[in-house]
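**Student:** The structure that follows is given in the form of structure tokens.
The values are calculated or read from the model by the stated rules, or taken from the named source; none is laboratory data. The structure displayed is predicted, hence computed values, not measured ones. Cβ atoms come from the backbone with ideal geometry, glycine included; neighbour counts cover every protein chain shown.
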Amino acid sequence: MTFAVRTVSIDLGSRSYPIHIGAGLIADRARLEAALPGGPLLLVTNTTIAPLYAARLRAALAGRALGECVLPDGEQHKTLTTLSRVYDALAEARVHRDGAILALGGGVVGDIAGFAAATWQRGIAFAQLPTTLLAQVDSAVGGKTGVNHPAGKNLIGAFHQPSVVLADLETLATLPPREFRAGLAEVIKYGLVRDPAFLDWLETALPRLERRDAEALAEAVERSCRIKAEIVAQDEREGGLRALLNLGHTFGHAIEAATGYGEWLHGEAVAVGLVLAAETSQRLGWLSPADVARVRSLIGRAGLPVHAPRVGIARIRELMALDKKVLAGRVRLVLLRRLGEAVLCADYDRAALDAVLAAEVA
């Protein structure tokens, strides 16, 4: 896999940073050194990724003080208990404010490591080295960090921007097919939220993406990151505009919690959430049946689920009520005025949502 590195910048003043997209970036010491302080480092990874890539990163950083914390793999481990292991490792590695964390893994590793960086000694630097498609296009970008609580996903967290993101596309070669498909859900989301031309491209390029064609992957990751970078630069702490990136997530997070974290992958739950958001939008008169069929078709072609688990309306409503977008006791939803234009709604017709939930989760 050889091609030029693509770079997307997130413009946040003093907290600005680059997202580098290319091959072999895990071993790119120069890009890491340019972004990180000179003190001790802690590598945070998991039991799946460590045997694949930890040695490569260690070799690239030979001579640097580098501790290691290997976490169990899976969404069910994204907890305060697991977070405490990172704090213990930071103390053992004597990482102070002149040090940094390297988050090598998928979304769970990045979220936990980022939250540890946000809170250790009131904030230290960290680098995101995402190894899943979902993390490369979404969770590693934008500074959201945190852990889950039994009451809901990511209820404990902080905004803490990384110093650099190195999206090494070579790591996607070892990604299991189910995990790869889960990442496609977030890629599709960007087209639905902001870029109808990207949605058109995805419908054509999907076979190439499924084959993990290098140029198609680079294009998909870059375009996804550009959309997210543009939105985060305008609304870093999700005061309004950034909430649009949660299209499908209010439904998806509820599905994850209702089924027990880990049974449904995040991207799988988001995929169903995208369908439910499209169906709700149709019932409000914003999308046509053909639009909804198009959304279903693309998600289904990507090998993702298009039907929600039958967990019951009461349980889904209870979990949706804990969503972070709830305001004044009302669940705000990200819906679609049209394909490529998402909106955050608080005054939608409850009957439309009731009808969708009755059809899908009852």
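**Student:** Identify all residues within the range 97-138 that are of a type in the set (Ser, Thr, Tyr) and surrounded by fewer than 24 Cβ atoms within 10 Å (Cβ to Cβ); write none if there are none. I'd like the intermediate steps shown before the answer.
**Tutor:** Initially, the range 97-138 is screened for residues of a type in the set (Ser, Thr, Tyr), giving 119, 131-132.
THR119, the sole residue that qualifies.
**Student:** Are any of the residues in the range 254-261 within 15 Å of the chain's Cα centre (by Cα) and crowded, with 20+ Cβ neighbours inside 10 Å? Write out each step before concluding.
**Tutor:** Filtering the range 254-261 for residues within 15 Å of the chain's Cα centre (by Cα) gives 256.
Narrowing the set further to residues that are crowded, with 20+ Cβ neighbours inside 10 Å leaves 256.
Yes, the range 254-261 contains at least one residue that is within 15 Å of the chain's Cα centre (by Cα) and crowded, with 20+ Cβ neighbours inside 10 Å.
**Student:** Here's a follow-up. If GLN234 meets every condition in (1) surrounded by fewer than 18 Cβ atoms within 10 Å (Cβ to Cβ); (2) farther than 20 Å from GLU341 by Cα; (3) not charged (D, E, K, R) apart from one, which number is that one?
**Tutor:** (2)
**Student:** I'd like to know if the range 196-217 contains one or more residues that are modelled with pLDDT of 95 or more, crowded, with 21+ Cβ neighbours inside 10 Å and either outside the structural domain of ALA308 (by TED's automatic domain parsing) or closer than 18 Å to LEU166 by Cα (or both).
**Tutor:** Scanning the range 196-217 turns up at least one residue that is modelled with pLDDT of 95 or more, crowded, with 21+ Cβ neighbours inside 10 Å and either outside the structural domain of ALA308 (by TED's automatic domain parsing) or closer than 18 Å to LEU166 by Cα (or both).
**Student:** While we're here: ALA277: surrounded by 20 or more Cβ atoms within 10 Å (Cβ to Cβ), of a type in the set (A, V, I, L, M, F, W, C) and either out of contact with any helix residue (DSSP H, G or I) (no Cβ under 6 Å at 6 or more places or on another chain) or outside any helix (DSSP H, G or I) (or both), yes or no?
**Tutor:** Values: surrounded by 20 or more Cβ atoms within 10 Å (Cβ to Cβ): yes; of a type in the set (A, V, I, L, M, F, W, C): yes; either out of contact with any helix residue (DSSP H, G or I) (no Cβ under 6 Å at 6 or more places or on another chain) or outside any helix (DSSP H, G or I) (or both): yes.
For ALA277, the condition - surrounded by 20 or more Cβ atoms within 10 Å (Cβ to Cβ), of a type in the set (A, V, I, L, M, F, W, C) and either out of contact with any helix residue (DSSP H, G or I) (no Cβ under 6 Å at 6 or more places or on another chain) or outside any helix (DSSP H, G or I) (or both) - is met.
**Student:** Does the range 85-100 contain at least one residue that is modelled with pLDDT of 95 or more and aromatic (Phe, Trp, Tyr)? Before the answer, list the steps.
**Tutor:** To start, the set of residues in the range 85-100 that are modelled with pLDDT of 95 or more comprises 85-100.
Filter once more, so that each one left must be aromatic (Phe, Trp, Tyr): 87.
Yes; the residues of the range 85-100 include at least one that is modelled with pLDDT of 95 or more and aromatic (Phe, Trp, Tyr).
**Student:** Follow-up question, since we're still on this one. Does ILE299 satisfy being under 19 Å from the mean Cα position of the chain (by Cα), assigned to a helix (DSSP H, G or I) and either buried (at least 21 other Cβ atoms within 10 Å of the Cβ) or hydrophobic (A, V, I, L, M, F, W, C) (or both)?
**Tutor:** Working: under 19 Å from the mean Cα position of the chain (by Cα): yes; assigned to a helix (DSSP H, G or I): yes; either buried (at least 21 other Cβ atoms within 10 Å of the Cβ) or hydrophobic (A, V, I, L, M, F, W, C) (or both): yes.
Considered against the rule, which asks whether it is under 19 Å from the mean Cα position of the chain (by Cα), assigned to a helix (DSSP H, G or I) and either buried (at least 21 other Cβ atoms within 10 Å of the Cβ) or hydrophobic (A, V, I, L, M, F, W, C) (or both), ILE299 comes out as yes.
**Student:** A further question follows. Residues that are of a type in the set (D, E, K, R): list the helices (runs of 4 or more DSSP H) wholly contained in the range 154-259 that include at least 3 such residues.
**Tutor:** Numbers: elements: 177-194, 196-210, 214-234, 249-259.
Result: 177-194, 196-210, 214-234.
Yes/no matrix, rows are residues, columns are (1) closer than 22 Å to GLY146 by Cβ; (2) among the hydrophobic types (A, V, I, L, M, F, W, C):
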{"site": "ALA65", "(1), (2)": "no, yes"}
{"site": "LEU80", "(1), (2)": "yes, yes"}
{"site": "ARG85", "(1), (2)": "yes, no"}
{"site": "GLU92", "(1), (2)": "no, no"}
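**Student:** Of the residues that sit in the range 124-153 and are part of a loop (DSSP other than H, G, I, E, B) and over 13 Å from the mean Cα position of the chain (by Cα), which one is modelled with the highest pLDDT?
**Tutor:** Taking the range 124-153 and keeping what is part of a loop (DSSP other than H, G, I, E, B), we get 124, 131-132, 140-143, 150-151.
Cutting the leftovers down to over 13 Å from the mean Cα position of the chain (by Cα) gives us 124, 150-151.
Details: ILE124: 98, PRO150: 85, ALA151: 82.
The extreme case among them is ILE124.
**Student:** Restricting the search to the range 342-359, which residues are free of Cβ contacts under 8 Å to residues at least 60 places away in the same chain and within 23 Å of GLY191 (Cα to Cα)?
**Tutor:** Once the filter is applied, which keeps residues that are free of Cβ contacts under 8 Å to residues at least 60 places away in the same chain and within 23 Å of GLY191 (Cα to Cα), the range 342-359 yields CYS345, ALA346.
**Student:** Do we have any residue at all in the range 96-114 that's more than 26 Å from THR7 (Cα to Cα) and touching a strand residue (DSSP E or B) at 6+ places or on another chain (Cβ under 6 Å)?
**Tutor:** no
**Student:** Please name all residue pairs, on different chains or six or more residues apart, with Cβ atoms under 9 Å, provided the first residue is in the range 10-39 and is not assigned by TED's automatic domain parsing to the domain that holds PHE159 and surrounded by 16 or more Cβ atoms within 10 Å (Cβ to Cβ) and the second residue is in a strand (DSSP E or B) and not charged (D, E, K, R).
**Tutor:** Final answer for the pair search is none.
**Student:** Now for a different question. What do you reckon, is ASP347 part of a loop (DSSP other than H, G, I, E, B), of a type in the set (Asp, Glu) and surrounded by fewer than 17 Cβ atoms within 10 Å (Cβ to Cβ)? Give the steps one after another, and end with the answer.
**Tutor:** Numbers: part of a loop (DSSP other than H, G, I, E, B): yes; of a type in the set (Asp, Glu): yes; surrounded by fewer than 17 Cβ atoms within 10 Å (Cβ to Cβ): yes.
Yes, satisfied.
**Student:** Which one of ALA269, ALA308 is under 30 Å from PRO72 (Cα atoms), in a loop (DSSP other than H, G, I, E, B) and outside the structural domain of HIS77 (by TED's automatic domain parsing)?
**Tutor:** ALA308
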